[in-house]
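Structure below; questions to follow.
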Amino acid sequence: MKADVLLGLQWGDEGKGKVVDVLTSNYDVIARFQGGPNAGHSLEFNNIKHVLHTIPSGVFHKGTINIIGNGVVIDPIIFAEEIDALSKMGVDLLSTLKISKKAHLILPSHRELDAASEAAKGKSKIGSTLKGIGPTYMDKTGRNGLRVGDIIRADFKECYNTLKNKHKDILRQYNYNSNIEQHEEAWFKGIEAMKKFELIDSEVTINQLLDKKKRLLAEGAQGSMLDIDFGSYPFVTSSTTVCAGACIGLGIAPNRIGEVFGIFKAYCTRVGAGPFPTEQENSTGEAMRKIGFEFGATTGRPRRCGWLDLVALKYAIMLNGVTSLIMMKADVLDTFDTIKVAIAYKINGKT
Ligand code: IMP
C-alpha cells in the first residue's frame, strides 16, 4: 500500500485540519511528519472548535491510529495540555496515539532562544510563533538535541541539564533575561505524560502497516512557501514542509508515496514577515480578513491577506507532485465584485 500525503500549498492556514478530518474516514492511520506546536489545526467536534498543535487531526475518529513521526518537534508542556483538553472531551488517546522515539523535544530554553534570536533581529525578524521550533531543529542538525526515546534513560535529567546549560550560555550572550526554571515542573510533568504512550520506531511501524495494506495519510503542517529550502527564505519555518518531508519525517521511501492532496485557499494569507507579492494592505485585505476570520490559530495574530498567487501556487504544485487540488474558502469572496489572481511577476520591468 502507498501512503497519501496532504499538505498546504501556500503560507500555511489553508484549512488542512478540516480536510484531514473529512478524509480520515478513508484512512486507518494519520501521521504528522514535520513541524510542531507552531501549527494550529482547527477542527470542530460536537460543535466545539478545537485547535490541535502537535497531535494528528485523526483523533476524533474512533479506531484511527495517530502517529507523531520522527520529523516532528514536541513541547511536552503543550502536548500534555492537548492530551488533557482532549480527555476532558472524552477523547482517550492512550490506545491510539503513538509517538516516534526519534522525534525531538522542545525545551523551555529553546523557546527562550527563539525569543532572544527574534528580538536580536530587530526589524528583520521572521515573525516566529516563538514556540522554540527553529532552535530545536538547530539542535537536531547540530547533533545536540534530546529525543523522545531519551526520556526513558536513567540519566535523562543530566542530559537535560547539559543542554539547558549550553542554552543558558547562549542566552547570556544575548543578554536575555532567562526564566527557564519557572517552566521546568510543567515540562517534566509533560514528560511523564508522554511516557504513558507507546513510544515507537515509527518508520518501522509505518512500513509494517503499509505492508499490511493499511491506508495511511501523512498530514503536513505550515505550507510549501514556508519550507526551509523552497520557501521565501529566511522568512520560513525550520522544517521540510513539502512532500519530500513526509519521506524524511516518517521514513517512507519516495516510491511508496501515492496521492498528494494539495490544499490552497481561494486567496492568500501569511502570518509573520516576508515577501507577499499579492498582499492587499487596504480595504480589500481587511474585508478578506474579516469575512474569512483570518487570525492565527496559534498566536491570534491578524493574518496578512491578498489575492490568489498562481505563480507561487504552480511552483508549489511542481515541488510537491500534487495529484489532487483542494480549494478552500472560496465563499469568503462571494461578496467581492472583482476577484483577482496573480498570473506573473514583473521584476525590474521584466515579466
Ligand atoms: P516558526 O516556525 O514558529 O519559527 O515561524 C516561522 C514563520 O512561519 C513565521 O512567519 C510564522 O508566522 C510562520 N508559521 C509557522 N507555523 C505556521 C502555521 O502553522 N501557519 C502559518 N504560519 C506559520
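Computed from the coordinates by the stated procedures, all read-outs in this text should not be read as laboratory data. Quick caveat: nothing in here was measured; it's all calculated off a predicted structure. Don't worry about glycine lacking a Cβ; one is built from the backbone with ideal geometry, like all the others, and counts go over all protein chains shown.
Let me know the shape class of the chain, please: from the alpha-carbon gyration tensor, a ≥ b ≥ c as square roots of the eigenvalues, rounded when a/c is under 1.5, otherwise prolate if a/b is greater than b/c, or oblate.
Oblate shape, in that a/c is at least 1.5 and b/c is the bigger or equal ratio.
Can you tell me which of ILE74, ILE30, ILE291 moves the most in a GNM of the chain? Springs connect C-alpha atoms under 10 Å apart.
Per the Cα network of the chain with a 10 Å cutoff, ILE291 tops the list.
For the chain, with a Gaussian network of springs between Cα atoms less than 10 Å apart, report the residue from LYS195, LYS88, LYS140 with the top mean-square fluctuation.
Looking only at LYS195, LYS88, LYS140, the largest GNM fluctuation is found for LYS88.
Which ordering of ASP227, ASP4 is given by a fewest-first count of other beta-carbon atoms within 10 Å?
Working: ASP227 25, ASP4 21.
Least to most surrounded, the residues fall as ASP4, ASP227.
If you don't mind, there's one more thing I want to ask. Pulled fully out, how much extra length does the chain show between ASN255 and SER283, if you take 0.36 nm times their separation in residues and subtract their Cα-Cα distance?
5.4 nm
What nm value, rounded to one decimal, do you get for the distance between LYS2 and GLU184 when each label is placed 7 Å out toward the C-beta?
For LYS2 paired with GLU184, the spin-label model returns 5.0 nm.
While we're looking at this one, here's another question. Among bridges DSSP assigns within the chain, what percent are antiparallel (round to 5)? Please list the in-between numbers first.
Details: 13 of 46 bridges.
Rounded to the nearest five, the antiparallel share is 30 percent.
What net charge do the residues around ALA103 carry, taking every other residue with its C-beta under 15 Å from that of ALA103, with Lys and Arg at +1 and Asp and Glu at -1?
Numbers: positive: ARG32, LYS98, LYS101, LYS102, LYS131, LYS140, ARG147, LYS195; negative: ASP75, GLU82, ASP139, ASP150, GLU198, ASP201, GLU203, GLU219.
The answer is 0.
Using 0.36 nm per residue, how much length does the chain from THR323 to THR162 gain when fully extended, once their Cα-Cα distance is taken away?
Numbers: separation 161, 0.36 × 161 = 57.96 nm, distance 4.60 nm.
So the chain would gain 53.4 nm between THR323 and THR162.
Which residue, MET288, MET327, MET194, tops the fluctuation ranking in a GNM of the chain built on C-alpha contacts under 10 Å?
Looking only at MET288, MET327, MET194, the largest GNM fluctuation is found for MET327.
Quick check on the exposure proxy: order PHE336, PHE79 from fewest to most C-beta atoms within 10 angstrom.
Values: PHE336 13, PHE79 25.
By the 10 Å Cβ count, ascending: PHE336, PHE79.
Next question, about the same structure. Taking 22 Å as the cut-off for C-alpha to C-alpha distance, list the pairs among LYS131/LYS168; LYS121/LYS265; LYS101/LYS157; LYS88/LYS189 that go past it. Write out the running numbers ahead of the final one.
On the way: LYS131/LYS168 17 Å; LYS121/LYS265 31 Å; LYS101/LYS157 17 Å; LYS88/LYS189 18 Å.
Long pairs (Cα-Cα over 22 Å): LYS121/LYS265.
Neighbouring Cβ atoms within 10 Å as the yardstick, rank GLU181, GLU118 fewest first.
Numbers: GLU181 9, GLU118 16.
Ranked by crowding around the Cβ, least crowded first: GLU181, GLU118.
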